[in-house]
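Down below is the structure, laid out as C-alpha coordinates.
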Ligand SMILES: Cc1cc2nc3c(=O)[nH]c(=O)nc-3n(C[C@H](O)[C@H](O)[C@H](O)COP(=O)(O)O)c2cc1C
(Lines give C-alpha, C1' and ligand atoms only; values in the text may rest on other atoms or scores of the structure.)
Protein backbone atom coordinates (compact mmCIF):
# COMPACT_ATOMS: atom_id res chain seq x y z
CA UNK A 1 0.00 0.00 0.00
CA UNK A 2 1.21 3.51 -0.71
CA UNK A 3 0.01 5.24 2.46
CA UNK A 4 0.47 4.51 6.19
CA UNK A 5 -2.57 3.15 8.03
CA UNK A 6 -3.31 2.36 11.66
CA UNK A 7 -6.06 0.26 13.20
CA UNK A 8 -7.88 1.79 16.17
CA UNK A 9 -10.66 0.36 18.32
CA UNK A 10 -12.97 2.69 20.20
CA UNK A 11 -13.35 1.08 23.65
CA UNK A 12 -16.56 2.98 24.28
CA UNK A 13 -18.17 1.22 21.31
CA UNK A 14 -16.47 -2.19 21.45
CA UNK A 15 -18.69 -4.86 23.01
CA UNK A 16 -15.97 -7.53 23.00
CA UNK A 17 -17.93 -9.87 20.73
CA UNK A 18 -14.74 -11.16 19.05
CA UNK A 19 -16.14 -11.03 15.52
CA UNK A 20 -13.16 -8.94 14.35
CA UNK A 21 -10.72 -11.40 15.90
CA UNK A 22 -12.48 -14.40 14.39
CA UNK A 23 -12.67 -12.87 10.91
CA UNK A 24 -9.15 -11.41 10.73
CA UNK A 25 -7.13 -13.28 8.05
CA UNK A 26 -3.88 -12.07 9.67
CA UNK A 27 -4.76 -13.22 13.22
CA UNK A 28 -3.99 -9.68 14.30
CA UNK A 29 -6.70 -9.03 16.88
CA UNK A 30 -7.26 -10.23 20.41
CA UNK A 31 -10.01 -9.70 22.93
CA UNK A 32 -9.08 -9.19 26.56
CA UNK A 33 -11.11 -7.73 29.40
CA UNK A 34 -14.13 -7.54 27.11
CA UNK A 35 -12.42 -5.28 24.57
CA UNK A 36 -10.76 -6.02 21.25
CA UNK A 37 -7.30 -4.68 20.39
CA UNK A 38 -4.92 -5.03 17.43
CA UNK A 39 -1.76 -7.01 18.19
CA UNK A 40 0.38 -4.99 15.79
CA UNK A 41 0.08 -2.41 13.05
CA UNK A 42 2.01 -4.72 10.70
CA UNK A 43 -1.12 -5.88 8.93
CA UNK A 44 -2.45 -6.13 5.38
CA UNK A 45 -5.13 -3.59 6.36
CA UNK A 46 -7.87 -5.48 4.52
CA UNK A 47 -10.39 -3.89 6.92
CA UNK A 48 -12.42 -7.02 7.54
CA UNK A 49 -12.38 -5.87 11.18
CA UNK A 50 -13.98 -2.57 10.15
CA UNK A 51 -16.49 -4.27 7.88
CA UNK A 52 -17.64 -6.95 10.33
CA UNK A 53 -17.93 -4.92 13.55
CA UNK A 54 -21.58 -4.71 14.66
CA UNK A 55 -21.03 -1.46 16.59
CA UNK A 56 -18.73 0.38 14.16
CA UNK A 57 -16.00 0.40 16.82
CA UNK A 58 -13.09 -0.32 14.48
CA UNK A 59 -11.47 2.25 12.24
CA UNK A 60 -8.35 2.42 10.12
CA UNK A 61 -6.69 5.79 9.58
CA UNK A 62 -5.17 7.04 6.35
CA UNK A 63 -8.04 6.44 3.92
CA UNK A 64 -9.92 9.20 2.10
CA UNK A 65 -13.28 7.47 2.29
CA UNK A 66 -15.66 6.46 5.04
CA UNK A 67 -16.97 2.88 5.04
CA UNK A 68 -20.42 2.70 3.50
CA UNK A 69 -23.18 0.66 5.23
CA UNK A 70 -24.24 -2.43 3.27
CA UNK A 71 -27.96 -3.10 3.04
CA UNK A 72 -28.30 -5.89 0.49
CA UNK A 73 -28.96 -3.57 -2.45
CA UNK A 74 -25.56 -4.63 -3.85
CA UNK A 75 -26.73 -8.22 -4.47
CA UNK A 76 -26.19 -9.45 -8.02
CA UNK A 77 -28.81 -11.37 -9.93
CA UNK A 78 -27.02 -14.41 -11.38
CA UNK A 79 -28.87 -14.64 -14.70
CA UNK A 80 -28.51 -10.91 -15.43
CA UNK A 81 -24.84 -10.95 -14.51
CA UNK A 82 -24.12 -13.90 -16.81
CA UNK A 83 -26.17 -12.29 -19.57
CA UNK A 84 -24.09 -9.10 -19.30
CA UNK A 85 -20.78 -11.00 -19.25
CA UNK A 86 -21.88 -13.05 -22.24
CA UNK A 87 -23.04 -10.01 -24.21
CA UNK A 88 -19.77 -8.06 -24.10
CA UNK A 89 -17.65 -8.02 -27.25
CA UNK A 90 -14.27 -6.62 -28.13
CA UNK A 91 -14.94 -3.31 -29.85
CA UNK A 92 -12.65 -2.38 -32.73
CA UNK A 93 -14.80 0.23 -34.47
CA UNK A 94 -15.60 3.40 -32.60
CA UNK A 95 -18.06 6.21 -33.29
CA UNK A 96 -17.19 9.91 -32.98
CA UNK A 97 -17.53 11.50 -29.57
CA UNK A 98 -15.55 11.75 -26.36
CA UNK A 99 -15.82 9.50 -23.35
CA UNK A 100 -17.11 11.62 -20.45
CA UNK A 101 -14.97 12.33 -17.41
CA UNK A 102 -17.72 10.72 -15.33
CA UNK A 103 -17.45 7.45 -17.27
CA UNK A 104 -13.65 7.45 -17.02
CA UNK A 105 -13.92 8.07 -13.26
CA UNK A 106 -16.36 5.16 -12.85
CA UNK A 107 -14.16 2.83 -14.90
CA UNK A 108 -11.10 3.68 -12.80
CA UNK A 109 -13.23 3.30 -9.67
CA UNK A 110 -14.14 -0.24 -10.74
CA UNK A 111 -10.40 -0.97 -10.93
CA UNK A 112 -9.73 0.62 -7.55
CA UNK A 113 -12.43 -1.45 -5.86
CA UNK A 114 -11.11 -4.74 -7.27
CA UNK A 115 -9.30 -6.99 -4.79
CA UNK A 116 -5.51 -7.34 -4.88
CA UNK A 117 -3.31 -10.11 -3.47
CA UNK A 118 -2.29 -9.31 0.13
CA UNK A 119 -4.36 -6.15 -0.30
CA UNK A 120 -1.36 -4.59 -2.06
CA UNK A 121 -3.51 -2.13 -4.01
CA UNK A 122 -0.62 -1.96 -6.45
CA UNK A 123 -2.56 -1.24 -9.64
CA UNK A 124 -2.33 2.19 -11.24
CA UNK A 125 -3.97 3.75 -14.25
CA UNK A 126 -2.82 6.10 -16.99
CA UNK A 127 -5.64 7.77 -18.91
CA UNK A 128 -4.51 8.62 -22.41
CA UNK A 129 -6.44 11.29 -24.24
CA UNK A 130 -4.18 14.22 -25.14
CA UNK A 131 -1.11 12.03 -25.50
CA UNK A 132 -2.99 9.09 -27.00
CA UNK A 133 -1.77 9.83 -30.55
CA UNK A 134 1.84 10.27 -29.46
CA UNK A 135 1.81 6.95 -27.56
CA UNK A 136 0.17 5.18 -30.47
CA UNK A 137 2.74 6.59 -32.91
CA UNK A 138 5.59 5.26 -30.77
CA UNK A 139 3.96 1.82 -30.62
CA UNK A 140 3.30 1.85 -34.38
CA UNK A 141 6.93 2.80 -35.05
CA UNK A 142 8.12 -0.17 -32.99
CA UNK A 143 5.71 -2.66 -34.55
CA UNK A 144 6.63 -1.58 -38.07
CA UNK A 145 10.26 -2.31 -37.21
CA UNK A 146 9.56 -5.76 -35.76
CA UNK A 147 6.85 -6.88 -38.22
CA UNK A 148 9.28 -8.33 -40.79
CA UNK A 149 10.77 -10.54 -38.07
CA UNK A 150 7.35 -11.59 -36.80
CA UNK A 151 6.36 -12.53 -40.33
CA UNK A 152 9.18 -15.07 -40.48
CA UNK A 153 7.69 -17.08 -37.61
CA UNK A 154 4.00 -16.22 -37.40
CA UNK A 155 1.47 -16.82 -40.17
CA UNK A 156 -1.15 -14.37 -38.83
CA UNK A 157 1.28 -11.48 -38.92
CA UNK A 158 1.77 -12.05 -42.68
CA UNK A 159 -1.79 -10.80 -43.10
CA UNK A 160 -1.31 -7.91 -40.67
CA UNK A 161 -0.68 -4.31 -41.69
CA UNK A 162 0.29 -1.85 -38.98
CA UNK A 163 -1.64 1.29 -39.89
CA UNK A 164 -1.69 4.56 -37.90
CA UNK A 165 -4.58 3.34 -35.74
CA UNK A 166 -3.44 -0.25 -35.37
CA UNK A 167 -3.51 -0.10 -31.56
CA UNK A 168 -6.31 2.27 -30.58
CA UNK A 169 -8.63 2.04 -33.61
CA UNK A 170 -9.47 5.76 -33.51
CA UNK A 171 -10.97 5.53 -29.99
CA UNK A 172 -10.99 8.75 -27.95
CA UNK A 173 -9.58 7.31 -24.73
CA UNK A 174 -7.30 4.56 -23.51
CA UNK A 175 -6.78 3.50 -19.91
CA UNK A 176 -3.41 1.83 -19.43
CA UNK A 177 -3.45 -0.59 -16.51
CA UNK A 178 -0.10 -0.73 -14.74
CA UNK A 179 0.83 -3.19 -12.00
CA UNK A 180 3.76 -5.13 -10.63
CA UNK A 181 1.48 -8.14 -10.27
CA UNK A 182 -0.13 -9.24 -13.52
CA UNK A 183 -3.04 -10.98 -11.80
CA UNK A 184 -3.97 -7.88 -9.81
CA UNK A 185 -3.89 -5.77 -12.96
CA UNK A 186 -5.90 -8.27 -14.99
CA UNK A 187 -8.62 -8.59 -12.35
CA UNK A 188 -8.94 -4.80 -12.19
CA UNK A 189 -9.14 -4.58 -15.98
CA UNK A 190 -11.95 -7.11 -16.13
CA UNK A 191 -14.10 -5.16 -13.69
CA UNK A 192 -13.22 -1.95 -15.50
CA UNK A 193 -14.54 -3.43 -18.71
CA UNK A 194 -17.84 -4.22 -16.97
CA UNK A 195 -18.06 -0.62 -15.73
CA UNK A 196 -17.44 0.65 -19.27
CA UNK A 197 -20.13 -1.68 -20.54
CA UNK A 198 -22.54 -0.29 -17.93
CA UNK A 199 -21.89 3.16 -19.41
CA UNK A 200 -22.78 1.86 -22.88
CA UNK A 201 -19.14 2.06 -23.99
CA UNK A 202 -17.16 -0.43 -26.00
CA UNK A 203 -13.75 -1.72 -24.91
CA UNK A 204 -10.83 -3.45 -26.57
CA UNK A 205 -8.06 -4.96 -24.46
CA UNK A 206 -4.89 -4.12 -26.32
CA UNK A 207 -2.39 -6.86 -25.70
CA UNK A 208 -0.35 -5.50 -28.60
CA UNK A 209 0.01 -2.15 -26.84
CA UNK A 210 1.09 -3.92 -23.65
CA UNK A 211 3.77 -5.69 -25.69
CA UNK A 212 4.88 -2.41 -27.26
CA UNK A 213 5.14 -0.84 -23.79
CA UNK A 214 7.31 -3.74 -22.71
CA UNK A 215 9.69 -3.44 -25.65
CA UNK A 216 9.93 0.29 -26.36
CA UNK A 217 11.98 2.46 -23.95
CA UNK A 218 10.68 5.56 -25.75
CA UNK A 219 7.08 4.52 -25.10
CA UNK A 220 7.87 3.67 -21.49
CA UNK A 221 9.36 7.15 -21.07
CA UNK A 222 6.29 8.74 -22.67
CA UNK A 223 4.05 6.83 -20.24
CA UNK A 224 6.28 7.80 -17.31
CA UNK A 225 6.75 4.17 -16.26
CA UNK A 226 9.28 3.41 -13.54
CA UNK A 227 11.51 0.35 -13.64
CA UNK A 228 9.55 -2.77 -12.67
CA UNK A 229 6.17 -1.28 -13.58
CA UNK A 230 4.39 -3.46 -16.11
CA UNK A 231 1.66 -2.50 -18.50
CA UNK A 232 -0.72 -5.39 -17.88
CA UNK A 233 -3.16 -4.27 -20.53
CA UNK A 234 -4.64 -1.16 -22.07
CA UNK A 235 -8.39 -0.65 -22.27
CA UNK A 236 -9.22 1.11 -25.49
CA UNK A 237 -12.53 2.87 -24.73
CA UNK A 238 -15.09 4.64 -26.88
CA UNK A 239 -18.62 4.69 -28.18
CA UNK A 240 -19.39 1.57 -30.18
CA UNK A 241 -19.83 1.98 -33.93
CA UNK A 242 -21.09 -1.58 -34.26
CA UNK A 243 -24.20 -3.17 -32.77
CA UNK A 244 -23.88 -6.85 -32.11
CA UNK A 245 -27.18 -8.64 -32.42
CA UNK A 246 -26.42 -11.94 -30.79
CA UNK A 247 -23.89 -13.59 -28.54
CA UNK A 248 -20.86 -15.35 -29.97
CA UNK A 249 -20.54 -19.09 -29.47
CA UNK A 250 -17.80 -20.21 -27.14
CA UNK A 251 -16.45 -23.66 -26.51
CA UNK A 252 -17.68 -25.50 -23.42
CA UNK A 253 -15.78 -24.88 -20.20
CA UNK A 254 -12.85 -27.22 -19.62
CA UNK A 255 -13.84 -28.01 -16.07
CA UNK A 256 -13.26 -30.97 -13.82
CA UNK A 257 -14.95 -31.70 -10.51
CA UNK A 258 -12.70 -33.72 -8.27
C1 LIG B 1 -5.55 -9.99 -22.77
C2 LIG B 1 -6.16 -9.68 -24.11
C3 LIG B 1 -5.42 -9.00 -25.07
C4 LIG B 1 -5.99 -8.69 -26.31
N5 LIG B 1 -5.27 -7.98 -27.22
C6 LIG B 1 -5.84 -7.62 -28.39
C7 LIG B 1 -5.15 -6.79 -29.33
O8 LIG B 1 -4.02 -6.33 -29.07
N9 LIG B 1 -5.75 -6.48 -30.51
C10 LIG B 1 -7.00 -6.95 -30.81
O11 LIG B 1 -7.51 -6.64 -31.89
N12 LIG B 1 -7.68 -7.74 -29.93
C13 LIG B 1 -7.14 -8.07 -28.74
N14 LIG B 1 -7.85 -8.84 -27.83
C15 LIG B 1 -9.22 -9.26 -28.15
C16 LIG B 1 -9.35 -10.77 -28.39
O17 LIG B 1 -8.91 -11.08 -29.68
C18 LIG B 1 -10.83 -11.10 -28.18
O19 LIG B 1 -11.12 -10.96 -26.81
C20 LIG B 1 -11.22 -12.50 -28.61
O21 LIG B 1 -11.10 -12.63 -30.00
C22 LIG B 1 -12.68 -12.85 -28.22
O23 LIG B 1 -13.57 -11.92 -28.77
P24 LIG B 1 -14.52 -11.06 -27.83
O25 LIG B 1 -13.64 -10.28 -26.88
O26 LIG B 1 -15.27 -10.15 -28.75
O27 LIG B 1 -15.38 -12.00 -27.07
C28 LIG B 1 -7.31 -9.11 -26.59
C29 LIG B 1 -8.05 -9.79 -25.63
C30 LIG B 1 -7.50 -10.06 -24.39
C31 LIG B 1 -8.33 -10.76 -23.36
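Which of the residues spanning the range 236-249 are within 11 Å of the ligand (Cβ to nearest atom), over 19 Å from residue 179 (Cα atoms) and assigned to a strand (DSSP E or B)?
From the range 236-249, those within 11 Å of the ligand (Cβ to nearest atom) are 236, 242, 244, 247-249; that's our starting set.
Those still in the list that are over 19 Å from residue 179 (Cα atoms) too: 242, 244, 247-249.
If the condition is that a residue be within 11 Å of the ligand (Cβ to nearest atom), over 19 Å from residue 179 (Cα atoms) and assigned to a strand (DSSP E or B), then no residue fits.
Which of the residues belonging to the range 211-235 are within 14 Å of the ligand (Cβ to nearest atom), assigned to a helix (DSSP H, G or I) and buried (at least 18 other Cβ atoms within 10 Å of the Cβ)?
212, 213
Kindly indicate which of 22, 64 is within 30 Å of residue 128 (Cβ to Cβ), surrounded by fewer than 14 Cβ atoms within 10 Å (Cβ to Cβ) and without any contact (Cβ under 8 Å) to a residue 12 or more places away in the chain.
Values: 22 fails: within 30 Å of residue 128 (Cβ to Cβ).
Of 22, 64, the one residue that is within 30 Å of residue 128 (Cβ to Cβ), surrounded by fewer than 14 Cβ atoms within 10 Å (Cβ to Cβ) and without any contact (Cβ under 8 Å) to a residue 12 or more places away in the chain is 64.
Of the residues 105, 37, 95, which single one is assigned by TED's automatic domain parsing to the domain that holds residue 200, free of Cβ contacts under 8 Å to residues at least 60 places away in the same chain and surrounded by 11 or more Cβ atoms within 10 Å (Cβ to Cβ)?
Values: 37 fails: assigned by TED's automatic domain parsing to the domain that holds residue 200; 95 fails: free of Cβ contacts under 8 Å to residues at least 60 places away in the same chain.
Residue meeting the stated conditions: 105.
So is residue 162 over 10 Å from the mean Cα position of the chain (by Cα), surrounded by 15 or more Cβ atoms within 10 Å (Cβ to Cβ), within 13 Å of the ligand (Cβ to nearest atom) and closer than 15 Å to residue 105 by Cα or not?
Values: over 10 Å from the mean Cα position of the chain (by Cα): yes; surrounded by 15 or more Cβ atoms within 10 Å (Cβ to Cβ): yes; within 13 Å of the ligand (Cβ to nearest atom): yes; closer than 15 Å to residue 105 by Cα: no.
In short, no.
What about residue 253, is it assigned by TED's automatic domain parsing to the domain that holds residue 105, exposed (fewer than 12 other Cβ atoms within 10 Å of the Cβ) and either part of a loop (DSSP other than H, G, I, E, B) or more than 13 Å from the ligand (Cβ to nearest atom) (or both)? Spell out the reasoning first.
Numbers: assigned by TED's automatic domain parsing to the domain that holds residue 105: no; exposed (fewer than 12 other Cβ atoms within 10 Å of the Cβ): yes; either part of a loop (DSSP other than H, G, I, E, B) or more than 13 Å from the ligand (Cβ to nearest atom) (or both): yes.
The answer is no for residue 253.
Right, residue 189: within 12 Å of the ligand (Cβ to nearest atom), over 18 Å from residue 94 (Cα atoms), at pLDDT 95 or above and in a helix (DSSP H, G or I) or not?
When the stated conditions are applied, residue 189 passes them.
Give me the pairs, please: first residue somewhere in the range 188-201 and assigned by TED's automatic domain parsing to the domain that holds residue 122, second residue anywhere and away from the ligand (no atom under 16 Å from the Cβ) and assigned to a helix (DSSP H, G or I), beta-carbon distance under 6 Å, and either six or more positions apart or on two chains.
Partner pairs satisfying both residue conditions: 191/110; 192/107; 192/110; 195/106; 195/107; 195/110; 196/107; 199/103.
Given the criterion outside any helix (DSSP H, G or I) and within 13 Å of the ligand (Cβ to nearest atom), identify the matching residue among 178, 174.
Numbers: 178 fails: within 13 Å of the ligand (Cβ to nearest atom).
None of the others qualify; the one that does is 174.
The values are calculated or read from the model by the stated rules, or taken from the named source; none is laboratory data. Just so it is clear, the structure is predicted and the values come from calculations on it, not from any experiment. Every residue, glycine as well, gets a Cβ built from its backbone with ideal geometry; the counts of neighbours run over all protein chains shown.
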